[in-house]
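Readers should treat all values here as calculations from the given coordinates under stated rules, not as data from a laboratory. Please read all numbers here as calculations on a predicted model, not as lab measurements. Please note: Cβ atoms are built from the backbone with ideal geometry, for glycine as well, and neighbour counts cover all protein chains shown.
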Amino acid sequence: MANRLTLAGIALAVLGLALLIHALRSRWARGFISGKTVTLDNVTLFSKEHLLVGRPDRIVKRGEELIPEEWKSSKKVQPWHIAQLGTYFILIEEHYGVRPRFGVIVTGDGRRKRIANTEELRGRVLAVAQQVRESRRQVEVELAVSPAGWQCRACGQRSRCRQAR
């Protein structure tokens, strides 16, 4: 009886080890960096100061450091991917009170690109956010047009237009 329990215990230990190895390989293949996962695409961060919002794919904690990860299906890091990570740097700093030194973009083929949290990137993100806010304000401004009469008669927006002929 004791031999059967010992064999069952060994079998469970081997199974547990195999599952652990499989999980670690899966994490590595997915591009996860080592560290404790703080959030895994389940927390939306909002900055009252900068009026930014975002949901990082993963935030990793290593010691006192927080590192955002963003996973992309493309095999090439695009400028807007870097700007998105820059937004997460600002959001994490405001929400957690810790300024990330860098973040990681994981491409579709599993490669990791480390992106530094620089003042230049921060300035670029905040400038783009300001441009977006200004553009949104312009949506309400009516554009001056001078359509021909026949264009106005056929237009589906004629009832709302103050410039219709």
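Here are some notes:
- Residue-wise HN-Hα coupling along the range 129-140, computed from phi with Karplus coefficients 6.51, -1.76, 1.60 (Hz; x: Gly, Pro): 4, 5, 4, 5, 4, 5, 5, 5, 5, 6, 4, 7
- Amide H contacts of residue 52 (H built 1.01 Å from N, under 5 Å, at least 5 apart or other chain): 47
- As a size descriptor, the averaged projected area of the C-alpha convex hull of the range 91-165 was calculated at 9.8 nm².
- If R0 is taken as 25 Å, the Cβ-Cβ distance between residue 131 and residue 62 corresponds to a FRET efficiency of 0.15.
- Karplus-derived HN-Hα couplings along the range 101-113 (A = 6.51, B = -1.76, C = 1.60, θ = phi - 60°), whole Hz, x at Gly and Pro: 7, 7, x, 10, 9, 9, 7, x, 8, x, 6, 10, 10
- Sites residue 48 and residue 102 - FRET efficiency at Förster radius 30 Å, r taken between beta-carbons, to 0.05: 0.75
- Only lysines eight or more places from residue 61 in sequence, or on another chain, were considered; those with a Cα closer than 22 Å are 36, 72, 113.
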